[in-house]
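Here the structure comes first, spelled out in structure tokens, and everything after it is commentary.
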Amino acid sequence: MLIKLSGGKVYDPANSVNGEVRDVYVDGGKIVSPDYGARVDKEYDLKGRVIMAGAIDPHTHIGGGKVTIARTLMPEDHQMDEVAHTELTRAGTGHALPSTMITGYRYAEMGYTAGFEPAVLPANARQAHMELGDTPMIDKGGFVMLGSDDFILRLISEKKDFELIKDYVAWTMRAAQAIAVKIVNPGGISAFKFNQRKLDLDERHPYYDLTPRDIVVTLARALIELGVTHPVHVHGCNLGIPGNVESTLATIRAADGLPLHLTHIQFHSYGTEGDRHFSSGAARIAELLNKNPNVSIDVGQVLFGQTCTASGDSMRLYAGAKHADPKRWVVMDIECDAGCGIVPFRYRDKSFVHALQWAIGLETFLLCEDPWRIFLTTDHPNGAPFFCYPHLIRLLMDRGFRQDMMQKVNPDALKYSSLPTLNREYSLYEIAILTRAGPARSLGLKDRGHLGPGASADITVYFDKADREAMFTKPELVFKNGELIVRDGKVIKVVQGATHVSRPEYDKAIEKPLKEYFDRYHTMRMENFKLSDDEIIEGGRGEIVVQPTKARTQ
Amino acid sequence: MTARDEGAGLGERPTSELYENVTCPFCGLLCDDLEISRTGSTLKVLKNGCGRAHGGFERTLHDAQPMVKGKAVELSQAIEAAAGLIKKAQLPLFGGIATDVDGVRAALSIADRSCGVIDHALSEGQFRNLKVLQSNGWIMSTLTEARNRADLFIIVGTDAHKLHGRFFERIVCTPESMFEDMSSKRTVVFIGEGLDTSAAMGPRIDEVITLPCKLDKVGEVLAALRARLRGTDLKALEPANDATGMVSGSKRTGFLSNLLPKQRTAKTPSSPRTQTIDGVSLADIDALAERCKNARYGVMVWAPPGLNFPNADLTVQIISDVVKNLNVTTRFAGLSLGGNDGVVSGAAVGGWQTGYPLRVSYATGKPEYDSYRYSIGRMLAEKEGDLLLWIATFSPDIVPPETNLPTIVLGTPGLKLKKTPDVFIPVGTPGMDHAGILVRCDNVVSLPLKNLNRAPLPRAADVLAALEAAL
Ligand code: SF4
Ligand SMILES: [Zn+2]
């Protein structure tokens, strides 16, 4: 069936289309070229509307053990947002830690057609994919966590052959069915198990002869040589510590030209100026970032209200547990593999610290010049739940609104940030880069995030409202693979998205030392550690899309 | 229903087969290194099974057919009859839920669609943990982490060996650990009398210490430990302002009077040498406190079903407190065992699909959670609900509570039912008759269960889906 979306203003940065009035044609779930020639079966008159590809959240904690522990930890957060079933949709709960089905529905209702879980522990990958499998509507994928697992720490500290390290990385991506690799507090989660409470970039690990720098550089190089599109996704050292801007700057320099993605950089951009020894380091980060085209970031914007922080960073979340609100929290040491921490949190606009975190995030957005290297995230749910995105978009696009909001926050905080002096307003084109084209390009999603012929017909149509928050809260139409799934901000059809993976090559011989390792130390057999494709797709849970990787190099 | 539901393909199964790396679904440890052979419909555990595993895999396969009111019928007729009962029900109760992840998914789906209540047969034990999670949280470890890292295991009031036949073998007394230079020797402390300590032996074990107290008093001993760790001089405390700190720790004031042991209040404590807390001398508690502080990585182990006494969640609470206290200076973590019959999977899938670890009612269309109100055991006792659908696919002992309500049972053949249900549908055991997934007791690792081709029994998940489709 050929569908024509006529007369809308199209924002498709991947194809350099900036608000031109164009017709978009869809057939067989794909975008097709206008001279396709077939008879139009269904036409939508979209004059005055804004058309973009479906949005992509490249970093959102929506599936996996720690998310479900967080869900279980916070019943009162769900009680204010219990959602009844309808003829079409399942019941569930929402707000900060939405249940899986509600996550899928609400992302779609906000015009998102993909979301990526950035912290898949290898030991917990099966559950992460089960949860993503129960998240309808959107495409998804996972970044597998490495860098505090004892196997890689052994490989690196014993200076094993680099090809072996690459094999292990590629094997783990395959076993955990991941599209990318994430490092969380490099070596720090492991160090915490040895009772170390802090691990800076060049500090030696308490047990293994290596430093976080070694881990970051090794994995950055490994992924490049494996041909994986998304560079190593780094949650750096010293999360949340005043002064951590120094280790973040040092991490950027450590990459020394190697591609690197620094995630929720807001939490890593703190200086120590002022009476309270807490100030914004955003300007320094942005300056270095502007000069280092090999580095991309996402922000992890803080917005005010109740949420729950959930991270693999057991070391830093334990340190932050004293701020838990409400007063309960979980920290776990996991399987000689990773860890996690879950600390409920309420960001208050009158708090000096929280207001400054808010300002630092916005500063980062406004100071980074290249929109292709910065992605719009709140690190859901860590900085704020994902439903706040439209509010964040308005803060970026509307200076007057931003100034009004600044009136409401702790005024002292703004003295330690350059936010009040920044006049930049994001354009719709730039927002389309931040929320579609940029993440798709960075993650290597060949056929997502754009509206060129051959792309999957994941399309969002908005009313062009001056109030950008209202505009982005409730799209008029959302198409997934060419099917209309949302109308006027409500799900009208439930579909199942795909799971995106990437599969760099590896030498199967890696399974020999791995099997021995599993048999000697683990409580799980290597054979059972690996996730099969069937486990992901059975029961009608969508398809697996293998995104291309470049050839492996040395 | 799909071909698989009818066990199609089984006709072509080889008469005998050998299976390696088999996951055992018969307790929450989910050991996945078993070797099992099948001849016809008879399974034999060849390697790595404990007694419970042998009992589970090798149990007699009873003949079983779908039944309506005790009469054998076709599966489709049983489904039709069951769907009829669900359609009539105003508040159907979905209990048991002793099934795999897909079974829980399907049970949640039909409970949602039919506005019912859903709870697991073993929730009572699990909520001893969940209440603590939902009020204070905790610091926890997992099986592999504990296996490699712990230099001190404290087993709290739980007969771990009896409940989990391979716990000591696989986690505590392992031939190797990843950090031999740091935790080559382990001390094992048992708190509670009559616990089987026999498995804590071998070259890895340094000392085995028992602090004998009545099992329902382990909380008191731990509370004294907590007090000592916090530097409280127990001698100076009045019984009313109890050393256990349970008054302040508990919101349930009435509870203290139940727990305060009469003989202790009668005793006049003298010196730490002679003062005892429920039979354990204060000196021993002090020695344990020292051991804890000096441990590099201590692990406090319990199984929620082991703490089978009133208000046992307060004991879990104290475990959580003690562990948190110790982490100020060293590393310590809890490790909860238990998790049999899919109870952890139930809470996990419930958690991700509804936000709540079961004990959820969909009566209003929305998931509503109440760990007291939506206990199906309580509801049946108080004559709430008007239909019981019970799922028990693993142990034949997971039987429905007594009730006069119309009852549908999706059960493993040989389920020890006390009464003929209105509809009985025999279903397969995940990990024997079909493949599946279960979440392990540590709530992190989930393991694939293999289809060992034992019997052509349908999956509970598929029967539930067929039932839902028939509504
Ligand atoms: S300990 Fe538990 S999981 Fe392991 S073999 Fe025995 S019953 Fe099975
Ligand atoms: Zn994150």
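Read the figures in this text as sums done on the coordinates, not as results from a lab. Everything quoted here is computed from the prediction, not taken from an experiment. Here the Cβ positions follow ideal geometry from the backbone for every residue, glycine too, while neighbour counts run over all protein chains shown.
Long hydrophobic helices in chain A: the complete DSSP H runs spanning 20 Å or more by Cα along their own axis with mean Kyte-Doolittle hydropathy of at least -0.5 are A:212-226, A:352-367. Derived scalar couplings between HN and Hα for region B:59-64 equal 5, 4, 7, 6, 5, 8 Hz in order, rounded to whole Hz, by the Karplus curve 6.51 cos²θ - 1.76 cosθ + 1.60 (θ = phi - 60°), x for Gly and Pro.
For region A:113-198, the ratio of Cα radius of gyration to the globular rule of thumb 2.2 N^0.38 Å stands at 1.20.
Each label was represented as a point 7 Å from its Cα along the Cα-to-Cβ direction; for A:Arg346 and B:Gln90 these points are 3.9 nm apart. Of A:Ser148, B:Ser184, B:Ser198, A:Ser279, the sequence from fewest to most neighbouring Cβ atoms within 10 angstrom is B:Ser198, B:Ser184, A:Ser279, A:Ser148. In this simple spin-label approximation, A:Asp161 and B:Tyr19 carry label points 7 Å from Cα along the Cα→Cβ vector, and these lie 3.7 nm apart. Computed over the alpha-carbon atoms, region A:48-144 gives an Rg to Rh ratio of 0.99, Rh here being the Kirkwood radius from the mean inverse distance.
Could you give the dipole magnitude of region A:243-320 about its Cα centre, charging the beta-carbon of Lys and Arg +1 and that of Asp and Glu -1, in debye to the nearest 20? With only Lys, Arg, Asp and Glu charged at Cβ, the dipole is about 40 debye. To make sure I understand the rule: partners must be aspartates and glutamates, Cα under 13 Å from the Cα of A:Lys291, and not fewer than 8 residues away in the same chain. Which ones qualify? By straight Cα distance, A:Lys291 reaches A:Asp256, A:Glu369, A:Asp370. For region A:1-90, applying the loop criterion from DSSP together with a ceiling of 16 other beta carbons within 10 Å to the trypsin sites (Lys or Arg not before Pro) yields A:Arg39, A:Lys47.
For region B:416-471, trypsin sites (Lys or Arg not before Pro) are listed when DSSP marks them as loop and at most 14 other Cβ atoms sit within 10 Å of their Cβ; the list is B:Lys416, B:Lys418, B:Lys419. Considering only C-alpha atoms, what is the centroid distance from region B:105-148 to region B:301-370, in Å? Centre-to-centre distance over Cα atoms comes out at 6 Å.
Considering region A:399-525, its Cα convex hull presents a mean projected area of 15.0 nm². Proximity of backbone amide H atoms, modeled 1.01 Å from N, is registered between B:Val189 and B:Phe153, B:Ile154, B:Ile155, B:Ile209 at under 5 Å, excluding neighbours fewer than 5 places apart on the same chain. Based on alpha carbons, the Rg and Dmax found for the protein assembly as shown are 28.6, 98 Å. Taking 0.36 nm per residue of separation and subtracting the Cα-Cα distance, full extension of the segment from B:Asp63 to B:Ile209 would add 47.7 nm. Structure shown: which of A:Lys66/A:Lys550; A:Lys193/B:Lys185; A:Lys530/B:Lys44; A:Lys166/A:Lys530; A:Lys515/B:Lys47; B:Lys293/B:Lys324 lie over 21 Å apart, alpha-carbon to alpha-carbon? Those over the limit are A:Lys66/A:Lys550; A:Lys530/B:Lys44.
Distance from the alpha carbon centroid of region A:457-518 to that of region A:285-362 works out to 24 angstrom. Other residues with beta-carbon under 11 Å from the beta-carbon of B:Lys214 carry, at +1 per Lys or Arg and -1 per Asp or Glu, a net charge of -3. Rounded to the nearest 500, the helix-only mean residue ellipticity at 222 nm of the protein assembly as shown stands at -9000 deg cm²/dmol, with each DSSP H run of n ≥ 4 adding -39,500 (n - 2.57). The order of A:Val545, A:Val216, going from fewest to most other C-beta atoms within 10 Å of their C-beta, is A:Val545, A:Val216. Loop-located chymotrypsin sites (Phe, Trp or Tyr not before Pro) across region A:1-98 with a Cβ neighbour count of 15 or fewer within 10 Å are lacking, with loop assigned by DSSP.
Quick one: in region B:124-216, what % of C-alpha pairs are over 17 Å apart? Result for the distance tail: 55 percent.
Report the Stokes-Einstein translational diffusion coefficient (µm² s⁻¹, integer) for chain B, Rh taken as the Kirkwood radius over Cα pairs, at 10 °C with viscosity 1.306 mPa s. Reported coefficient: 67 µm²/s.
Built from the Cα atoms of region B:315-454, the convex hull projects on average onto 11.0 nm², one quarter of its surface area. Neighbours of B:Ser320 by Cβ distance under 12 Å: Lys/Arg scored +1, Asp/Glu scored -1, total +3.
Site pair A:Asp447 and A:Lys512 shows an inter-label distance of 3.9 nm when each label is modelled 7 Å from Cα along Cα→Cβ.
Only lysines eight or more places from B:Lys87 in sequence, or on another chain, were considered; those with a Cα closer than 19 Å are B:Lys69, B:Lys366.
Fewest neighbouring Cβ atoms within 10 Å first, the residues B:Val218, A:Val409 line up as A:Val409, B:Val218. Quick note on chain A: its Rg to Rh ratio, both from C-alpha atoms and Rh being the Kirkwood radius, is 0.95. Quick one: net charge around B:Glu145, please, counting Lys, Arg +1 and Asp, Glu -1 for every other residue with C-beta under 11 Å from its C-beta. Charge balance near B:Glu145 sits at -1.
Measuring gaps between exposed loop sites in chain A (GluC sites (Glu not before Pro); DSSP loop; at most 16 other Cβ atoms within 10 Å), the longest gap, sites not included, is A:159-272.
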